[in-house]
Each structure stands twice: as C-alpha cells, then as structure tokens.
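Some notes on the structure that comes next.
The values are calculated or read from the model by the stated rules, or taken from the named source; none is laboratory data. Given the structure is predicted, the values throughout are model-derived calculations rather than measurements. Cβ sites come from the backbone with ideal geometry, for glycine too, and all protein chains shown count toward neighbours. We work out accessible area using only protein heavy atoms, side chains counted, and drop any ligands, DNA or RNA first. Shrake-Rupley method; radii C 1.70, N 1.55, O 1.52, S 1.80 Å.
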Amino acid sequence: MDMDSMQLFNIVLTGVLRGGLYALMAVGLSLVFGVMNIPNFAHGEFYMLGAYFSYFTYTYFHFGPISSILLAAVGTFILGAIAEKTLFYPLRKRSKKNWIMNTFLLTLGISIVLQNGAKMLWGNTYRGITQYWPGKVSIASFNISNDRIAGFCIAMVTIAIFWLFLNKTTMGRAIRAVSQDETGASIVGVNLNVIHTLTFALSCLLAGLAGAILLSISPAYPFMGVQPLYKSWFVLILVGMGNIGASIYGGLLVGLLETFAYMKFGSGWQDVVSLAIIIMILIFKPRGLFAKKGVKSVSE
Amino acid sequence: MEKAESSLTKGGRFIGKFGFTPLSIAMLFVLAIFPLVLQDEVITRLLISALMLGALAMAFDFTAGFININNFGYAAFWGVGAYTSALLAVKLGISPWLGMLAGGILAGLLGLGLGFLTLRLAGIFASCMTWFVALAMFAVTANWVELTRGTSGLSVPPLFNTTGNIGYFYTILIMTVLTYVGLKVIIKSHIGTAFRAIGQDLQAAQASGINVTKYKIMNFTISCAIAGVLGGFYAHFVGIITPTVMNTSHTVEVMVLSFVGGRGTIWGGLIAGLVMIPSMEYLKGLMELRLLIYGVLMIVVMIFFPSGLAGLYYKVVQLIRKNASLTKGKKEEKDVRRAGL
Amino acid sequence: MNSFLFKKSRKFVVALTTALVLSLTLTGCGGAKPASETTPAASAAPNSVIKIGVIIPLTGPAARTGQEFKDSINMAFSEINNKVGEHPIEFKWIDSESDAEKGARAYESAIVNDKITVGFMDWHSWVSVSCMEVAAKYKMPHFFSYGATDVVNQKYKSDPEKYAYWMGKAWPTPEKLSIGYVSAVEEAITKGIWKPENKKVALFGVDNDWGRGFCAALGEQYKAAGWEVVATEWVGLGETEFYPLLNKLKGLNVSLVAGTMSDPSSVSSLIKQSREVGLKSLIASDGLGWVGEWYKLTGDASDYVIDQIPQWTTPEAKKFQADFVAKYNYEPGAAVAGMSYDYTKFLIKVLEATEKDYGAITTENLFKAGKEKVMTGQLSYKDGILMKEYKYTPETFPDPVIDGDHYMFPVVQYFGGKPNVIWPAAFKDADLKIPDNLK
Amino acid sequence: MILETKDVCKRFGGLKAVNNVSLQVEEGQIYGLIGPNGAGKTTLLNTIAGVHPPEAGKVFFRGQDITGFRADKICHTGMARTFQIVHSFQNMSVLENVMVGSVFGNRRPYSKPAEMAAEMLNFVEFPLSHDTLAGNLNTIQLKRLELARALATNCKLLLLDEVAAGLTPGELIDLTILIRKIRENGTTIIMVEHLMKLIMDVCDRIAVLCFGEKIAEGTPKEIMENEKVLEAYLGAKYVL
C-alpha cells in the first residue's frame, strides 16, 4: 500500500473502532432523551460505574471477561432503575413544567454525587487491567489488539440486540410508542412508569457496558466519564436528538471525523476542527444529519 | 412582587425603579461596610469571590431565567474577558480598567456572533451548541501558545498596587450593583417584557410581533458582555490565568448559583452566591463530602424547590401577608395568589 | 384553611431554622478570628506548636497526587513523632483544588485564620504563581514548591526582593533535567550498542504547561545532538485513545519517540497501545513511573521503555517504599511521594537549624534562615533517599542545583516493571538495550 | 381584497396538509374556514400567519407579497391571530400580556401602551382584575385575553382559531356580538371554527377544506346546500 491509502486505511480502521463505542454511548443517551425528554448529563458516570463493576468482578472475584462485562451491564441496569425510581419519578410526579431544564440540572447533581461518591469509596487510584484477551490481530500492516476487536464486536452485537428489542418485542414497541407520543401511548394502555424506568435503566446499561468493555483501554477512575459524555452529546447533536437509529452512524461518523482531525491537525486541535465541522453541518441542516419524521428538530 | 412596591412612598418608588426595596438597600449597606468593620482579609477575599460569582449568576439568569436558554458555555465568555484584559495589559501595557471594558466588548461581540449561529435553535440544543463552542474556545486558548502562553498560564498585573483586598472589594461591589441595576432596569423596560414573553411563550411572543431572534441575541450579547467585564476583573484580581478559567466546571458553578437562587429573579443568583460560596469555603474540611453535599443539594432543589431561594422568600412573604390579612380581616385573594409567583 | 396554613408555616419554620443555622455558622467562623489576633510571641514560646501550611490539590483532577503528598509528608513527620525539638507539629492541609484563585484564597485563609508558621509544598505552577503573591503580602516563607515551569521562575525574577518568600522550587524547570534522555541515547549510539536506521525523533506531550515546556526543551536538545524532530504531538489530559497517534508515528518511521504525560491512565494507555499497533521505535516516556500502579496498567508493554525518574534505588528508598505500602496500602511514586518525603526531611532540617541558630521557630526567623542559609547553599540536605544532595545557590535560585552530585534524575529502562538505570554512568546498572525488531 | 392566497401548499413529511388552496378575502368580511378534523385549517392559518412558510404558492396581504415572512413581521403588516391551543405568558399579569401586543405588535408603538391595553381588555369585556396573573386564568378567560392581545396590535386582519370552543350558549351569544363589534371597528376576520351555529351566524363567506384541499366556497347558505360538503362531513363521520 502506498502512503496515502495507508493513511486512509488507518483513519478508517481507528475511526470505526473508536466510533463503535461512541455509538454505544450515544444510543443510550438518545434513548433517554427521545423517550423521557431527559438530557442526561450523568451518562458518563454510569460509564464510570460500569468500568468499576467489571474491574472488581474481573480482578477480585476472578470472573471471566465476558461474565465481568455482563455483570457490569446488569449492575448499571439496576443502578439506573434505582436512580429513575428515586429521583426522576418524584420530579415527574411533582411538576412537568420546564421539565428538560430541571432534569438537566438534576442529572448534573447526580453526576457530581456519583463522581465524588466513587472517589470516597474507591479513592483516586486508577484501576485497570492490561488486557481481557491478550494478543493482537494483524490486518495488512496494522495491528489491533484482541480487546478492541472484541469490544467493537460486543458493541455491535449489543446494538443489534437492542435494535431487535426495540422493533420486535412488545416492550420495545411500547418504548418507541412513548417516544413518539406519550399521551397516545398511555391511552392505549402502556404503563408509562414501567416504560420510563426500563428506558432509563437500559440507557445506563449501555453506558455501563461501554465502560466495562473499555476497561483495558481506559482504567476505572472517578472522573473518567467526562470525555465520553462530551463525545456522545456530540453525536446526538449531529444526528438529531432522539433519533436512536442514526446515533449508530453518528457514532461512527464522529469517530472517523475525530481520527481524521487528529491525524491532520494534532490532538490539541481535533476538538476545534470537529466542532467547526459540526457547527457548519447544523447551520445548514438544523435537524441534524439524519433528519426524519418525528425527530425533534433543534430549530424552532 | 411589583405589587409590594406600588404601595410604597415616593422614595420607595424611586429606588424600586432600579430594582431595590428598602430591605435590599439595607442589606447592601451592611455588605458595603462589612469589610471595613471586620477588617479581615480572608473574609474580604471570600466576599469578592462571592460577589463576582453572584454577579455572574445574575447575568446568567438574565438569559436562563428570561429567554429560557442556558448558556452552557458561559465560562468561556468569562475567560475571553479575562484573556482580553490580561493580554492587553501584558502585551500593550493598557490599563486594566480599559482592559476590562475591552474584555466586555469582545465577549459581547463573541456572544453576538454565537447568538447568530445558535439562537435559532431551540432550548437544549442552543445550550449544547454554546457548550461545544465553549469547548472549542477552550481548546483554542490552550493551543494558541504564542499568544496566550497556553496552559502554562499568563501572569497578569494587578488592578491595585496595594496589598489589601479592600480596593478589589469595592470595585466588584460597584460592578455587582451596576450589573444588578442595569439588568433590572432592562427587565423592567419594554425590552424586558419582550425577553419575558419569549421565555414564557415563544409562539405567542412571535405572533404578537416580537422579533424573537433579535431579542434573544440582544439578551445573549448583554449577558456575555457582563461576563467579559467580570472576567477582566477576575484576571487582574487573581494575577494568573490559565485556560481552565473556561472550564465547564465554572459554568456549572454559576448555573447552580442562579438556579438555587431562583430562576427569573436576577437577585436570586447574588443571594445564592453570598450564601453558598462562604458555606462551601467553611465546609472545606469535609473534602469530597462537601462536593457530595453540593450534588445532593442540587438534586433536592431541583425536585422539591424548583423556584429556589427566591421561591422560598416569596413563600415567606406570602405567609406574612396572610397572617396580616387574617388579623386585618379578609383581603383580596388574588394578592396572595400573585405573591406565590 | 387552617391545615393549609399549618403546612405552610412548618415549611417556613424549616426554612427559617436553616437560614439561622447557616448564618450562625458563618458568623461563628468569621467572628472567631479578630478575637484570636494573637501576638507572634505566643509562637515563640519553647514548646509552642509549629503550624505547617501545605498547599496540595486534595480535591479536583489532581487529587491523586495530593493524596500522595499528604501521606508522604505525614510519614516523614511521624518518624520524628510530629515534633521538632520540643515543638509539636501541626498541619494545615490547604486544598488548592488545582485552581489559582481557590488556592490563593485557601492559602490566605491558612495564613490569617489558622496562623500557620510556614508554608510548604505546592504542585501546580499556576497555583504557585498566585500563592507567591499571597506569600509576599503576608511575608510568609514558603518552602519547596513543585510548580516547575518557567512562569514561576519568571515571576520570581521580575522582583526577587518581593518574591523572596517563595523559598526554592522542589522541581527545576523541565529543560534542566531532560538532557538525560539525549545523553543516554547518544551514549548508546557512540558505543555502537544501537545503530538507528535514521536520526529522526517524534515528540509527544501532555497538553499543559508541563508537557509544552518539556517538549520544547527536549526538542532543542535533540536538535543540538543532530536529530531531526519530525513531529510534535499534543495529547489532551486524560486521553486514553492513542491508535491514531501511534499509527501516525508508525507511518513516520522514526527511530525514537520521546515525550511526557502526567496522568497515569494516559501514559499507560500509550505504552500499552504502542505495543498493540507494533510501533517500531524506541520509546522514551517521561513520567511513566510517576504513579505507583503503572505496571499493573501497562503490563509487559513497558519493556524497553525509557524513563527518567527518581528511583527506589537506595536501601532507604526501598524501605520507604515498603513502609509506605504497608501503611497506606497503595504504591507510591518516587517522584511525588519519595521526593516530597525528602523535601519534608529537608524542611525539618531547616526548622531545626532555625531553632539552633536563630533562637525560636517563628515565621520571621524561618524567612531569615531560608534567605541566609538555604538560598546561599549553606544549608543543604544530603540524607535524601533519592538525591545525593538537595541544594540551592544564588545562581540557580529558585531552582535547585542540578548535576550528578546533587539533583539529577537517572535515566532508566524498564523490564518486567523493574527499572535498570542506564544513565548517568555513575549509577549505571546496565547499558541501553534495544528491542529485537529495532536492531 | 385584503388577503389573497394563491395555490398555497404545505407538506409535513409525505403528508400534504394544505394542497393548492386559493382564497380571496375582501376587506370588512368575516370569512369562515371549516372542515372535518385534520382538514388542514390550522395549518393553513399558520402558513398565512408566518409560523411556517408555504412550500409553494403565494400569500398577498393588502396587495403586498408576504409569502415567507416571519410571524413577527407579518404581525407588523397588520395581521394578528389567536391560537387553537391558547398561548399566554403565564407569569405576567393580564395587562402585561396585552401590552406585549400593544408595544411590539404595532409598527409604530403607542405612546401609552398600557392604556391601549386596558382599553382592549375592556373592549373584550375581560371579567377579572387586570393585574391577575395569566397563569391563574381558565381557558375561557385566556381566550379573551388572547383576543385582546391580538386586537392590541391594531390589526387590519384578525385570524381566529377556534375561539368558541368550550363556550356555554350564553357566552356564545356574547362572543357573536363581540366578533361583530370587532368587524364594525374596521377589522377583517378569518375564523376557523367547528361550531356551525356560530359560523353560519356571523360569516359572510365560508370556505370548506377537506384533506388539505378547498372543496367549496360561498355564502353560508350556499355551503349548507353543497353536496360535496355534506359528503365530506358525513364521510368524515364514517371514518371516525
């Protein structure tokens, strides 16, 4: 391969691997925004909790990689359900006025509590593992660690299962119905309380899963959730809020865009470049890249 | 709240025009002489911080509480003001006082530009866009090493060449009062009516002939300009600035103040600043627990007291009035109803 | 109506009580101060308490480092039973929160409210710069701050009289140390141990004052030695994804990749991923060993990596390391915990010397001792577990004296998580080893 | 002619909400727009009032092409409206609500907007004190408030969107009188309404929309006898 196509291949490869996990995060965020109208700024903290869960199950209780990751998913699912029942449910009961802004601040509070709670519980130490599955795979002249390949596959399989769940099961259809028309859904007998709890917990599960998968790349640390949060918001804005399916493309796209900017302009400027591009896109397509019917428009 | 003023004397009505009540004048007076009486540099310094953040919270509320847009990149405008003033002083030797003004102007212009870009977007999207732009501004500041010295930080000459903090205190006190009066006067004018109309019902505002985008941008620009001036003050007060002034955490700090204080009141943010900043300082020994409390407080406020300290205050006023009316006999119901909001 | 009123008034009472408690706490804390306006004479009494104000980031992004500082300082003082002579030691931990303004305010509060006798330590340069102002204002001698970059030196040099209270940096400006990386590699080349394909180097640095300063200096030094710097990459703090960067470097085909990162998750990710992508370059990664747990994160990917860092080489150092783990249950880093332990001992020495030579351990006398003894090099510390001698001279001030006999970080190469010292010659365990795929 | 639409179209996704609708409204008329649910009446009103621009076709107001104008600009040209679902400024007093109209709705603001607002409130016979908070009003009161706010813009054309919904027969009589009074003051009215009685009582001309298309137009009498219209309504019933 010549130099240019090497570069291109490099960008595509790393961008896709990176984007797969952004997609996983973004799908969860998008789900909660689409169904519950909550701009969740504590999403990164569930990612962090997922990493801790799998760290402890993997190193202390010596579970295998897969079961550690699955346990992390279950753990964050339960925590998410608890958070919904104890925090968002009471708020919804009290008032739905200015709901988006109120929940936004509520999630900000949750994020502060979780970060500092994690720090008090587990200290400031980085808790990581070297690899779940040692070894690497070579494609052309590129090497990719097994963990990354596995991580990407798990992410894709999860998204696929999730898609099937949303489209083929009654519960999933109910969730989609609520995201399109809450009153309508409740009239035809969908139990909103159950749907809301389930949705939030599922979203947390996806974030936790991402954290668990990435444990060998980024070790567990109380404040590790901030970056992934930025990134998943990026994706969401780009593809249009509440457009769950498009978050997958969006994740991959942002991954590619960032890798490209990283290669061309260096790490410091990558945020500036990718932001500039996203702003340009939004000026011309205010409903996001993959606008479709029913997507909440960003424009008024 | 306006009702309370209408029954006042002529003098009362005059100060009311600038958003004051006798109570707030008295509080302001106490605050103004506080450092002179106490003669404690640390408390003075703390008050400076509290006032500065309080003023920022007021200007933040001017946007969040009125046109209902959370400027999630607010700290970046503060930072722009800080860097402008600092760079003018360091590179060109321009007086910090002019620098602060320049900082305000530049931050205002940036706000204007960003407003054009983002304010067509609805609520949370506009917030996110301002946030992303702020992240980009942070990255530019950190990476433009030739100009800003990047993350090494920029040493800034002080505003006063004395060792005490009293000069800074009165400067920020005057700036805070001016911010408050300025914002209050705008709010009470027709322009303010337009802001409130936009914040409360966008469609109706537009149908009634309000150019929504124009007023949103106007509001945004004013709010950002104030942040710029305060940023200039901060730079000369603290003596060194790094790109971290633009951190989202600073925006969150200001936002929490304005929300805990009570949205749409202007003064709520200042009161919250004066209560919370000292409390946080005195709780410092608790370390993470303090931040945990902070988070819990936010959650509790959001679920149970969404109208914040101001809401609490109005409830108290309402209660007092009610008690008074019980002794006096029956009073009009609507009075009570109004005080609640 | 009545029950409604009752419900409301209960809320009102709660609110009122809260407000009352709050204001009482505030006035209580605030009001106590003017009363305790004690005279310096009190602290001059023979067994009076010495209060040491330690500025470290206990909360915020660098809290991990702050914790290591705190624990190592505690260890050093507990060895002397928290007493210097007859004086009990008391600490005031000043949380800078990694913020210039909050740091300065906390420092001022420690000076005014807690009446600290002397200031000690600090981690960030920007906190140093704002605290220098406070120290100057209250004439508070402040010993041995880490804040390494040139802003601190510049500030000091802008008015040495005024900022004389900032008594020496614990860490010199980066360029004074980084020459080791060049020397170690050049030495191996002259000896014929390594015949690099080309003399191209790529630099990487964490995107902050530390990384920028370090890379700028390192670049100059490599250029001077005849190397070509083909790329300089900045990495955001906390970044853990390096495939793009590493593949780019791989494409550049450089013999050497050198740089620094300050947070363990970044640097360990970089090292681990460099192995994964198969980077064919020798890696010099300054700061890999700063935090104790690094090897758990990188695994064997760290083999052959070069680092310049104080090591637990001496028996005393190894003992300290073991004691530290036993006591605090985590791995200390030599550059943070180890050096701060040494500097704490140095401070104790200064305290003792002050009592001996000036009569009483007071703020004023400590400043005198600092100015007359420490700054001049009369008083230095030779029993360190890491350095041969910690010493300042008027020429080097505010930096310490850097050379093989005083303050110098050895260059090491890691194998299985264990360092081999490869430079300078005096400490050498072994020669630089070159991985097979580079030969 | 005060208002004319020429072949106005508006789509939502694939759905043609308004398809090639042309209307002519004469000055001083009360013009009714009726049609079964989902016929596109409100959408048409929104297209005229500038909430969303039409995809095709033109809107002329007093001879001026106002197609694609923003809602606030349209208000300044002398067209005001009320909403099907009431929009008010909840945390403002009734007077302030109306003042928004009198201050911002006119091209040249009144020197005494508060008095103008009060006058309008009296004109619509607003039953409560003018400093009541809008958030405390019921829907019927809010509809009056909206009407006053629209009138305060000194409009030449008033668009009313289901202003009579939920009224008692007595209130309906008051409203009929009020609408006539507004017209007597020289304001043209276009009203969307479900209440046939009101429409037939006050309107000079009526257009009937069905599935986005205009199927009939004429005087109330003509409309009542139009077979297409009957079919549309009956058909709609079957669908329901």
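Here B:Leu38 passes the criteria (1) at pLDDT 90 or above; (2) open to solvent by 20 Å² or more (accessible area, probe 1.4 Å) except the one numbered (1). Residues in the stretch A:281-299 that are surrounded by fewer than 17 Cβ atoms within 10 Å (Cβ to Cβ) and at the interface with chain B (Cβ under 10 Å from one of its Cβ atoms) were compared, and the one that is modelled with the lowest pLDDT is A:Ser299. For the stretch D:8-59, the set of residues classified as open to solvent by 40 Å² or more (accessible area, probe 1.4 Å), more than 18 Å from D:Ala164 (Cβ to Cβ) and in a loop (DSSP other than H, G, I, E, B) consists of D:Gly13, D:Gly14, D:Glu26, D:Glu27, D:Gly38, D:Val51, D:Pro53, D:Glu55, listed by residue number.
When the residues of the stretch D:26-43 are filtered to those that are at pLDDT below 90 and of a type in the set (A, V, I, L, M), which remaining residue is farthest from D:Arg183 (Cα to Cα)? For the stretch D:26-43, the residue satisfying everything is D:Ala39.
Is it true that some residue in the stretch B:211-222 is modelled with pLDDT of 90 or more, aliphatic (A, V, I, L, M) and surrounded by 24 or more Cβ atoms within 10 Å (Cβ to Cβ)? The answer is no, given that none of the residues of the stretch B:211-222 is modelled with pLDDT of 90 or more, aliphatic (A, V, I, L, M) and surrounded by 24 or more Cβ atoms within 10 Å (Cβ to Cβ). Within the span defined as the stretch B:191-198, every residue fails to be more than 14 Å from chain D (Cβ to nearest Cβ), at pLDDT 90 or above and either open to solvent by 20 Å² or more (accessible area, probe 1.4 Å) or within 30 Å of D:Phe89 (Cα to Cα) (or both). For C:Tyr392, the conditions (1) assigned by TED's automatic domain parsing to the domain that holds C:Ser274; (2) part of a loop (DSSP other than H, G, I, E, B); (3) crowded, with 22+ Cβ neighbours inside 10 Å all hold with the exception of (1). For the stretch C:324-351, how many residues are more than 14 Å from chain A (Cβ to nearest Cβ) and either in a loop (DSSP other than H, G, I, E, B) or farther than 22 Å from C:Ala63 by Cα (or both)? Looking only at that region, the number is 7. How about the stretch B:135-185: which of its residues are of a type in the set (Val, Ile, Thr) and either over 30 Å from B:Gly19 (Cα atoms) or not assigned by TED's automatic domain parsing to the domain that holds B:Ile25 (or both)? Scanning the stretch B:135-185 gives B:Val140, B:Thr141, B:Val145, B:Thr148, B:Thr151, B:Val156, B:Thr162, B:Thr163.
As a summary of the residue check, C:Leu279 satisfies the conditions (1) under 25 Å from A:Asp271 (Cβ atoms); (2) at the interface with another protein chain (Cβ under 9 Å from one of its Cβ atoms); (3) open to solvent by 10 Å² or more (accessible area, probe 1.4 Å) except for the one numbered (2). Return yes or no: is D:Glu119 under 26 Å from D:Leu198 (Cα atoms), assigned by the TED database to the domain that holds D:Phe12, open to solvent by 10 Å² or more (accessible area, probe 1.4 Å) and not hydroxyl-bearing (Ser, Thr, Tyr)? Here the answer is no, as D:Glu119 does not meet what is asked. Looking at D:Met196, D:Met191, D:Met224, just one residue is out of contact with any Phe, Trp or Tyr (no Cβ under 8 Å at 6 or more places or on another chain) and in contact (Cβ under 8 Å) with a residue 40 or more places away in the chain, and that residue is D:Met196.
Looking only at residues in the stretch C:409-439 that are part of a loop (DSSP other than H, G, I, E, B) and open to solvent by 30 Å² or more (accessible area, probe 1.4 Å), which one is nearest to C:Gln378 (Cα to Cα)? My answer is C:Lys428.
Each residue in the stretch C:176-205 was checked for being more than 28 Å from the chain's Cα centre (by Cα) and not in a helix (DSSP H, G or I), and 10 of them qualify. Restricting the search to helices (runs of 4 or more DSSP H) fully inside the stretch A:173-280 and requiring at least 1 residues that are farther than 23 Å from A:Ile11 by Cα gives A:182-187, A:192-213, A:226-239. When the stretch D:74-106 is filtered for residues that are farther than 19 Å from D:Thr139 by Cβ and more than 17 Å from the chain's Cα centre (by Cα), the ones remaining, listed by number, are D:Leu95, D:Glu96, D:Met99, D:Val100, D:Ser102, D:Val103, D:Phe104, D:Asn106.
The residues of the stretch A:235-257 that are open to solvent by 10 Å² or more (accessible area, probe 1.4 Å) and either within 9 Å of another protein chain (Cβ to nearest Cβ) or aliphatic (A, V, I, L, M) (or both), listed by number, are A:Ile244, A:Ile248, A:Leu252, A:Leu253, A:Leu256, A:Leu257.
From the list C:Ala258, C:Ala216, pick out the single residue that is under 21 Å from C:Trp290 (Cα atoms), modelled with pLDDT of 90 or more and either of a type outside the set (Val, Ile, Thr) or in the same structural domain as C:Thr149 (by TED's automatic domain parsing) (or both). The unique qualifying residue is C:Ala258.
Assess whether B:Leu56 counts as being under 12 Å from the mean Cα position of the chain (by Cα), more than 11 Å from every other protein chain (Cβ to nearest Cβ), buried (at least 24 other Cβ atoms within 10 Å of the Cβ) and under 26 Å from C:Ile111 (Cα atoms). Taking the combined requirement at face value, the residue does not satisfy it. Residue count for the stretch A:135-168 under the criterion of being exposed (fewer than 15 other Cβ atoms within 10 Å of the Cβ) and among the small types (Gly, Ala, Ser): the result is 5.
Restricting attention to the stretch D:60-79 and to residues that are out of contact with any helix residue (DSSP H, G or I) (no Cβ under 8 Å at 6 or more places or on another chain) and of a type in the set (A, V, I, L, M, F, W, C), the residue that is surrounded by the fewest Cβ atoms within 10 Å (Cβ to Cβ) turns out to be D:Phe60.
None of A:Phe88, A:Phe33, A:Phe53 is at the interface with another protein chain (Cβ under 10 Å from one of its Cβ atoms), in contact (Cβ under 8 Å) with a residue 12 or more places away in the chain and either under 19 Å from the mean Cα position of the chain (by Cα) or open to solvent by 60 Å² or more (accessible area, probe 1.4 Å) (or both) except A:Phe33. The combined condition, being in a helix (DSSP H, G or I), farther than 30 Å from B:Val140 by Cα, aliphatic (A, V, I, L, M) and facing another protein chain (nearest Cβ under 10 Å), is not fulfilled by B:Leu270. If you check D:Val229 against the conditions, is it touching a residue at least 40 places away in the same chain (Cβ under 8 Å) and either open to solvent by less than 20 Å² (accessible area, probe 1.4 Å) or closer than 17 Å to D:Arg144 by Cα (or both)? For D:Val229, the condition - touching a residue at least 40 places away in the same chain (Cβ under 8 Å) and either open to solvent by less than 20 Å² (accessible area, probe 1.4 Å) or closer than 17 Å to D:Arg144 by Cα (or both) - is not met. Criterion applied to C:Tyr156, C:Tyr222 was being within 22 Å of C:Lys439 (Cβ to Cβ) and of a type in the set (Ser, Thr, Tyr), and the one residue passing it is C:Tyr222.
Return yes or no: is A:Ile66 closer than 14 Å to A:Gly208 by Cα, assigned to a helix (DSSP H, G or I), open to solvent by 80 Å² or more (accessible area, probe 1.4 Å) and touching a residue at least 12 places away in the same chain (Cβ under 8 Å)? Answer is no for this residue.
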